Each structure stands twice: as structure tokens, then as C-alpha cells.
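To start, the structure under review is shown below, and the notes come after it.
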Amino acid sequence: MKRNNSEKIGSLIHQYLRQESLEGPLNERRLLNSWSEVLGPTIASYTRELYIRNQTLYVHLTSAALRQELMMGRELLVRNLNEKAGAMVITDIVFR
């Protein structure tokens, strides 16, 4: 017997994540995990803490010079991190 109502497993998982409101937290986790990949291991070593609140990424850095340098390229960094996460997760970055 042939079934005509078959769906791809990827679309079913995506649908389930949306129903259970898990898509946002999953995208946030992807973005946080991609921080060291986007910026590289050297800059990631100066990062002490990362968290997202209200579509803003908060980054605690141990180097004031690096903080100033990253502030200048903030818009490009937001774009690259969102692209790596595959969704519009953050709109701004605050360096502390």
C-alpha cells in the first residue's frame, strides 16, 4: 500500500520546534557556539562570558583594546553571526 501523505523528516522536526517554541533558543545556542568560529580562537580566548537577552548579544572581554576594535566592526559582526546561525537572532552587540 502506498502512502501519499509522507513528509520529509527535516520539515517535521522544524515544525515541531516551532510548535514547542524551541526554535528561538536553538538559534541562540547556534549563534553562541559560532562565536569562536566567526572570530577565531585568539579573540575567543579574550572572551569571558557570552549571553543573549532581548536580541542583544552581551560579550564580556578581558582586553580593553580588543573591545574598542570590535565596537568599530559591530554591524559586520552582527551580520556574520546571524548568517552563521541561519536566522536573525541578534540585532546588536554590547561589549563590556
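The values are calculated or read from the model by the stated rules, or taken from the named source; none is laboratory data. Quantities reported herein were computed from a predicted structural model and do not represent experimental measurements. Please note: Cβ atoms are built from the backbone with ideal geometry, for glycine as well, and neighbour counts cover all protein chains shown. Accessible surface areas use protein heavy atoms only, side chains included; no ligands, DNA or RNA. Shrake-Rupley method; radii C 1.70, N 1.55, O 1.52, S 1.80 Å.
For the condition closer than 14 Å to I93 by Cα and modelled with pLDDT of 95 or more, what is the one hit in L57, L31?
Going through L57, L31 in turn, just one is closer than 14 Å to I93 by Cα and modelled with pLDDT of 95 or more: L57.
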Subset of segment 51-83 (residues that are surrounded by fewer than 16 Cβ atoms within 10 Å (Cβ to Cβ), within 11 Å of the chain's Cα centre (by Cα) and either touching a residue at least 60 places away in the same chain (Cβ under 8 Å) or outside any loop (DSSP other than H, G, I, E, B) (or both)):
Y51, T56, R79, N80, E83
Members of segment 25-38 found to be in contact (Cβ under 8 Å) with a residue 12 or more places away in the chain and open to solvent by less than 60 Å² (accessible area, probe 1.4 Å), listed by number:
N27, L31, L32, S34, W35, V38
